[in-house]
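This report concerns only the one structure given below.
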Amino acid sequence: MAEKIFTYQTAKIFYRTSGKGKPIVLIHGFAEDGDVWKNQVEFLKDHFYLIIPDLPGSGKSEMINDMSIEGMAELIKAILLNEKIETCSMAGHSMG
């Protein structure tokens, strides 16, 4: 699994990538981080290109200026642009 950090606005944002195939973003819930998906990664990585962020203020990611749901959505869009991905599927739980 590759670990990546990029700067969004002025915050360092951490995410992981793994696998090959159609891209899917796995979004964790409130008070968790991307590690919550570790059991699913083993199966999914053989079928999909996984993008697993630590949302701002969680795990290894710093907080961003706009911590609203809309702000989080813009961050996910920025991650996709950073990965040069135009379309993907998403899966989440709880707040994700």
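This table checks each residue for (1) touching a helix residue (DSSP H, G or I) at 6+ places or on another chain (Cβ under 7 Å); (2) at pLDDT below 95; (3) over 16 Å from residue 1 (Cβ atoms).
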residue: 48; (1), (2), (3): no, no, no
residue: 59; (1), (2), (3): yes, no, no
residue: 78; (1), (2), (3): no, no, yes
residue: 83; (1), (2), (3): no, no, no
residue: 86; (1), (2), (3): no, no, yes
residue: 89; (1), (2), (3): no, no, yes
residue: 95; (1), (2), (3): no, yes, yes
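Across region 52-73, the qualifying residues are those that are open to solvent by 40 Å² or more (accessible area, probe 1.4 Å) and within 12 Å of the chain's Cα centre (by Cα), and the one among them that is nearest to residue 35 (Cα to Cα) is 59. Against the test of being touching a strand residue (DSSP E or B) at 6+ places or on another chain (Cβ under 8 Å) and at pLDDT below 95, the options 29, 21 yield a single qualifying residue, 29. Checked across region 24-32, the condition of being under 16 Å from residue 4 (Cα atoms), surrounded by 14 or more Cβ atoms within 10 Å (Cβ to Cβ), in contact (Cβ under 8 Å) with a residue 12 or more places away in the chain and of a type in the set (Asp, Glu) holds for no residue. Going by what's in this entry, would residue 17 be described as among the β-branched types (Val, Ile, Thr), in contact (Cβ under 8 Å) with a residue 24 or more places away in the chain and surrounded by fewer than 18 Cβ atoms within 10 Å (Cβ to Cβ)? Spelling it out, residue 17 is indeed among the β-branched types (Val, Ile, Thr), in contact (Cβ under 8 Å) with a residue 24 or more places away in the chain and surrounded by fewer than 18 Cβ atoms within 10 Å (Cβ to Cβ).
Residue check: is residue 11 open to solvent by 10 Å² or more (accessible area, probe 1.4 Å), in contact with a Ser or Thr (Cβ under 8 Å, 6 or more places away or on another chain) and not polar (S, T, N, Q)? The answer is no for residue 11.
Contact map, region 77-96: first residue closer than 22 Å to residue 20 by Cβ, second residue of a type in the set (Asp, Glu), Cβ cut-off under 8 Å, separation 6 or more or different chains; pairs are 80/86.
Entry remark, region 34-46: residues being touching a strand residue (DSSP E or B) at 6+ places or on another chain (Cβ under 8 Å) and either surrounded by fewer than 17 Cβ atoms within 10 Å (Cβ to Cβ) or among the aromatic types (Phe, Trp, Tyr) (or both) number 3 in total.
The values are calculated or read from the model by the stated rules, or taken from the named source; none is laboratory data. Bear in mind the structure is a predicted one, so any value in this text is a computation, not a measurement. With ideal geometry, Cβ positions are generated from the backbone for all residues, glycine too; neighbour counts draw on all protein chains shown. We work out accessible area using only protein heavy atoms, side chains counted, and drop any ligands, DNA or RNA first. Shrake-Rupley method; radii C 1.70, N 1.55, O 1.52, S 1.80 Å.
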